[in-house]
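The values are calculated or read from the model by the stated rules, or taken from the named source; none is laboratory data. The structure presented is a predicted model; accordingly, all values stated were derived computationally and were not measured. Cβ atoms come from the backbone with ideal geometry, glycine included; neighbour counts cover every protein chain shown. Each accessible area value is taken on the protein alone, full model and side chains, heavy atoms only, with ligands, DNA and RNA left out. Shrake-Rupley method; radii C 1.70, N 1.55, O 1.52, S 1.80 Å.
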Amino acid sequence: MQELAVAMKYGTLDELYTYDCFGAVVTRYGEEIKSYIQQVRVIRQRPLLYEDIFTMAARMRELDRKFAKPDLSP
């Protein structure tokens, strides 16, 4: 996932393509590995390690809100 995040960061991977193909996975996976990444940051003494993953997950959530269809159920 880090590779996707870096590619999106540098504009070599279109964010809408990323959203269409991986948006749901990125959003869920980003939440699931949050505690692991925080532990690795402490162990390696690198507080911003894998930050691009969180940035990409946040952008996927923004796009979810933008493209969400209203709930039309009664």
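Per-structure values
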quantity	calculated
Average accessible surface area per residue within the chain, 1.4 Å rolling probe, Å²	75
Cubic angstrom per residue, convex hull over Cα atoms of the chain	94
Selection from VAL26, ILE43, LEU16 lying farthest towards where the dipole of the stretch 12-74 points positive, charges on Cβ	ILE43
Estimated dipole of the chain in Debye, rounded to 20 [Cβ of Lys and Arg +1, of Asp and Glu -1, Cα centre]	280
Rounded percent of accessible protein surface that carbon and sulfur make up, the chain, 1.4 Å probe	55
